[in-house]
Structures are given as C-alpha cells and as structure tokens.
Amino acid sequence: MIGVYRAGDSLLHRSPAGAKLLGLLVFTTLLLVFRLPVTMGVGLIFVVLLYAIAAYTPVIMLQQIWPMKWIVILLFPFQWWLAGWQSAVIVVGTLVLAVAAAGLVSLTTRTTDLLAVIERAIQPLRYVRVDPERVALLLTLTIRVVPVINGLVHDVRDTRRARGMERSVRAYVTPVVIRTVGYAERLGDALVARGVDD
Amino acid sequence: MSSIRFEEVGHQFGERVVISGVSVDLRESRVGIIGSNGSGKSTLARMINGLVHPTSGRVIVDDLEPARHGAEVRRKVSFLFSDPDAQIVMPTVGEDIAFSLRRLSLHKDEVAARVASALEMVGLPGYADHPAHHLSSGQKQLLAMASILVTEPSILVCDEPTTLLDMRNTRRLAELLSGLSQQIVLVTHDLDLVLSCERVLVMADGQLVADGDAAESVEYYRRLMS
C-alpha cells in the first residue's frame, strides 16, 4: 500500500505524516472498540469525506480496497453464516475501512515522510543496537524492489513463452532467482556508490 | 581539474587476472576508456570511487586513496551505472534525488530547490512526484544522472551509460555530459560518444594497450578488433 503517493495540495497532503499515522491508529482503534453496524456506517461516511477533502474520487477509494475483493467475497457470507449479518458487516466493514483509510494515508504522504516518522518512532531501538536509519532504508528498498522484481518476472515469463517452455518450472524459477541476485548485486554497488555506508 | 592516478594497479579475482600493471595519470576534463567485454575497463573505473580495490598497486584521487578513504573519495566522485533501475532507490523521482542529499542535513526547502534544479538540468522538470518505475529507460538514466549531479561531485565516472538507451536518449545523455563542468571518465562501447573525449585509453586483456587522443585510440581499437 505504500509507494503510491499522488501529488496534491489538499489539507491532507499538507498535514504532517506523523499526525496522519496517529489519526489512522485512532480511527482503526475506534472501529475495533465500538463494534456496531452503525459504527461502520459512520466510519464509511467519514472515510468518503476524507477522500473528498483530499480531492480523490470514489473510484480512487475503490482502487485501494479492490485488491482485497476475494477476502470480502469469501469472508462476508462465511461470517454471516457463522454469526449473523451484523457480525459480517462489522468484521468485513472494519477490514475494508481500515484498508481504505490506510490507502488514503499512503496516497497523501510521500514515502520518505512516512519512513522518517517510522525512523523517529524506532529511535529507542538504538539501545539494543538496531540502527533506525538502516531499518528505514530496508523498508524503502522493499517498496522500491517490488515493481522491479515484478517487471523481471514478466520478462522471464515472456522469455519462457518465446522458447516454448510455458510449463517448465525450472525455466521460470532459475532465471528469476539469477536475475534477482544480479539485481541485488547491482543495487548494492549503487548504494555503496551513493555513499549509503559512508 | 582533479587528478586520478593509477600506480602499477593490478586486480585479481582468485586466479583470474582482471587488470595488471596499469599506470596512468588522468588530468583531462574528458577521459574515455574503451575495450572489448571482459577487458577490465569497468573494473578500472570502479576503482576510482572505491567500489573495487586494487589487489596490487594503488589508485590516488586528489591525494586520497579510495581503498583507504572511501567515504571522502565518494563525496568527490560520483558513479553512473549502465542499469539505472539498480541505481534508483526511492519510489518517486524527487525522493530519489533527495536521497542523495540526506547526509548533508539540509533544510527541506533547500532540498526541494536542489531537486528542482537537478531535474531542470537533466531535462525532467515537473517530474518530482512521478513514480520512478513509470519512467522510460532513457528517463531513468537521466534521473540517475540527476541523483548524482545534485551532490555536486567534482568527478563523474560513467560506466557504459548508454548501453540500454535508444539513439535519441543516447544523444540526450551525450549532450548533457558535454555540458557538464565536472571531470568525466567515460567507459563505453560507443565509439562515437568517446570521440568527444580529450584522451582515450584502450584496454585489452586487463592491460592498457593504447593511450592517446580520441582519434588515435579509436583507430587502434578498430584495428585490434578487426
């Protein structure tokens, strides 16, 4: 969900990352504490309003929760069957609203600002010899490599198809692993060259 | 101009000799290094900012040895790789350029101004909030260039920077390089690109086999490859 920042000039875009993360924490806590269908209704209105304040359309809000469609489709009837419609609305509603709110934080906050907050929050870990800067960099790189590895996997899939080896697991896994390791080596060199360890 | 001195430099990976006995003093503004694949030219270039250390001899950049003063040397020497994807660290263009400035503890406004200026310099104004992975290969290489230029290095080492670029982007990058005030060491297979250099070294089998002006060295290299 992070790394999807969309530039803007709304109140939410201008708000500090720490405040937004705190707001997200309070919001999700309230959803978990007041477990009533009406809470979900109020929460939905609140989230839709926040998206509107950030100048995002409901379509953008739907894009944030779309990846969890299968969870919703499976969980809702199961929960209804197990504990009734109210419980289904509460459980699925809490999940969907939390993801939509988290998506809004990501959409309105630069990754670096989010990571700076995380870096500040984990400063006490210095006492147990954990380098907060290193942890933040690790998170950054994790976000960064997702599209790169995704592209790499697509390339390998195309290569495999071009060679008529669609069903070969080895023709898929081996080049993905080799290319990923190669990418990791080049990335490591680039990080050294950019003075990360200096 | 800065001085990059190689004194009897050699490098081995296990039993394999990658570079042997290279001695050269580079003070020209534009230096090219050409050679076939595996000739040792990239290894030589990587020694300039301490990415690779010599196993014999020494490299000295402005009185500093990269093998011993890596951090100080890297503040002077920036490195541009052939694969920009591996060089881009942050999710958005502006954040990636700002990442290069994190050690300088600059005010947010100063960082924003420098990022904007670097983007302007490489011809990507207005791209600060653009996701880096959505850029074309050419634009990614320009972003990688902006990310290193923003630190205002005095030496720029470019290791096959046009390998993944089409003709238009190669020309764009060449124009950008030619307009820079920094000392540039350019490792490339692109013989047209290297013709603009004042001095060109030719590497073969880990040895420096020719060292002269661009026309002479390129001619030598063509004969060597024929």
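The values are calculated or read from the model by the stated rules, or taken from the named source; none is laboratory data. Keep in mind the model is a prediction, meaning the values are calculated, not measured. Cβ coordinates were reconstructed from backbone atoms using ideal geometry, including for glycine residues, and neighbour counts include every protein chain displayed.
Consider the stretch B:149-207. How many of its residues are polar (S, T, N, Q) and in a strand (DSSP E or B)? Break it down into steps so the answer makes sense when it comes.
Kept after step one, since they are polar (S, T, N, Q), are these residues of the stretch B:149-207: B:151, B:154, B:162-163, B:169-170, B:178, B:181-183, B:188, B:196, B:207.
From what's left, in a strand (DSSP E or B): B:183, B:207.
Residues flagged as polar (S, T, N, Q) and in a strand (DSSP E or B) within the stretch B:149-207 amount to 2.
When residues of the stretch B:84-111 are filtered for being over 29 Å from B:SER3 (Cβ atoms), part of a loop (DSSP other than H, G, I, E, B) and facing chain A (nearest Cβ under 9 Å), how many remain?
Residues that pass the stated criteria total 4.
Do we find a residue being aromatic (Phe, Trp, Tyr) and over 27 Å from B:ARG103 (Cβ atoms) anywhere in the stretch A:169-190?
Applying the first criterion (aromatic (Phe, Trp, Tyr)) to the stretch A:169-190 yields A:172, A:183.
Okay, now just the ones that are also over 27 Å from B:ARG103 (Cβ atoms), so A:172.
The answer is yes; a qualifying residue exists.
Among the residues of the stretch B:71-85, write down those that are under 12 Å from B:GLN182 (Cβ atoms) and either out of contact with any helix residue (DSSP H, G or I) (no Cβ under 8 Å at 6 or more places or on another chain) or modelled with pLDDT under 85 (or both).
B:LYS76
Out of B:LEU143, B:LEU124, report the one residue that is outside any loop (DSSP other than H, G, I, E, B), away from chain A (no Cβ under 11 Å) and without any contact (Cβ under 8 Å) to a residue 60 or more places away in the chain. I'd like the intermediate steps shown before the answer.
Numbers: B:LEU124 fails: outside any loop (DSSP other than H, G, I, E, B).
The unique qualifying residue is B:LEU143.
Residue by residue through the stretch A:1-31, note down the ones that are touching a Ser or Thr at 6+ places or on another chain (Cβ under 6 Å) and surrounded by fewer than 14 Cβ atoms within 10 Å (Cβ to Cβ).
Of everything in the stretch A:1-31, just one residue is touching a Ser or Thr at 6+ places or on another chain (Cβ under 6 Å) and surrounded by fewer than 14 Cβ atoms within 10 Å (Cβ to Cβ), namely A:MET1.
Per-residue answers, yes or no, for (1) within 14 Å of chain A (Cβ to nearest Cβ); (2) among the hydrophobic types (A, V, I, L, M, F, W, C); (3) crowded, with 18+ Cβ neighbours inside 10 Å; (4) under 25 Å from B:ARG222 (Cβ atoms):
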{"site": "B:GLN12", "(1), (2), (3), (4)": "no, no, no, no"}
{"site": "B:GLY21", "(1), (2), (3), (4)": "no, no, no, yes"}
{"site": "B:VAL24", "(1), (2), (3), (4)": "no, yes, no, yes"}
{"site": "B:VAL31", "(1), (2), (3), (4)": "no, yes, yes, yes"}
{"site": "B:SER39", "(1), (2), (3), (4)": "no, no, yes, yes"}
{"site": "B:SER42", "(1), (2), (3), (4)": "yes, no, yes, yes"}
{"site": "B:GLY57", "(1), (2), (3), (4)": "no, no, no, no"}
{"site": "B:ALA71", "(1), (2), (3), (4)": "yes, yes, no, no"}
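If the requirement is being within 14 Å of chain A (Cβ to nearest Cβ) and either over 23 Å from B:ALA98 (Cβ atoms) or without any contact (Cβ under 8 Å) to a residue 40 or more places away in the chain (or both), which of these qualifies: B:HIS189, B:HIS134?
Selected residue: B:HIS134, the only one of B:HIS189, B:HIS134 that is within 14 Å of chain A (Cβ to nearest Cβ) and either over 23 Å from B:ALA98 (Cβ atoms) or without any contact (Cβ under 8 Å) to a residue 40 or more places away in the chain (or both).
Part of a helix (DSSP H, G or I) and closer than 30 Å to B:VAL52 by Cα: does that describe A:VAL192?
yes
Please list, ordered by residue number, the helices (runs of 4 or more DSSP H) wholly in the stretch A:32-139 having 2 or more residues that are surrounded by 12 or more Cβ atoms within 10 Å (Cβ to Cβ) and in contact with a strand residue (DSSP E or B) (Cβ under 9 Å, 6 or more places away or on another chain).
Correct list: A:111-121.
Mind telling me which of the residues A:LEU139, A:LEU152, A:LEU125, A:LEU107 ends up being under 13 Å from the mean Cα position of the chain (by Cα) and at pLDDT 85 or above?
Only one candidate qualifies: A:LEU107.
Considering (1) away from chain B (no Cβ under 14 Å); (2) over 30 Å from A:ARG179 (Cα atoms), say which one A:VAL135 fails and leave the rest.
Unmet for A:VAL135, out of (1) away from chain B (no Cβ under 14 Å); (2) over 30 Å from A:ARG179 (Cα atoms): (2).
If you go through the stretch B:105-136 one residue at a time, how many are closer than 30 Å to B:GLY40 by Cα and either loosely packed, with under 15 Cβ neighbours inside 10 Å or among the charged types (D, E, K, R) (or both)?
So the count comes out to 1.
Pull up the stretch B:163-209, narrow it to residues that are among the β-branched types (Val, Ile, Thr) and at pLDDT 90 or above, then point me to the one that is surrounded by the most Cβ atoms within 10 Å (Cβ to Cβ). Quick ask: steps written out before the conclusion?
At the first step, the residues of the stretch B:163-209 found to be among the β-branched types (Val, Ile, Thr) are B:163, B:170, B:184-185, B:187-188, B:194, B:200, B:202, B:209.
From what's left, at pLDDT 90 or above: B:184-185, B:187-188, B:194, B:200, B:202, B:209.
Details: B:ILE184: 20, B:VAL185: 25, B:VAL187: 25, B:THR188: 22, B:VAL194: 22, B:VAL200: 27, B:VAL202: 24, B:VAL209: 16.
Ranking the candidates gives B:VAL200 first.
Assess whether B:GLN141 counts as being buried (at least 24 other Cβ atoms within 10 Å of the Cβ) and touching a Pro at 6+ places or on another chain (Cβ under 8 Å). Before the answer, list the steps.
Values: buried (at least 24 other Cβ atoms within 10 Å of the Cβ): yes; touching a Pro at 6+ places or on another chain (Cβ under 8 Å): yes.
Here the answer is yes, as B:GLN141 does meet what is asked.
If I ask for residues that are more than 8 Å from chain B (Cβ to nearest Cβ) and either in contact with a strand residue (DSSP E or B) (Cβ under 9 Å, 6 or more places away or on another chain) or β-branched (Val, Ile, Thr) (or both), which ones from the stretch A:158-198 would you list?
Within the stretch A:158-198, A:THR159, A:VAL169, A:VAL173, A:THR174, A:VAL176, A:VAL177, A:ILE178, A:THR180, A:VAL181, A:VAL196 meet the criteria.
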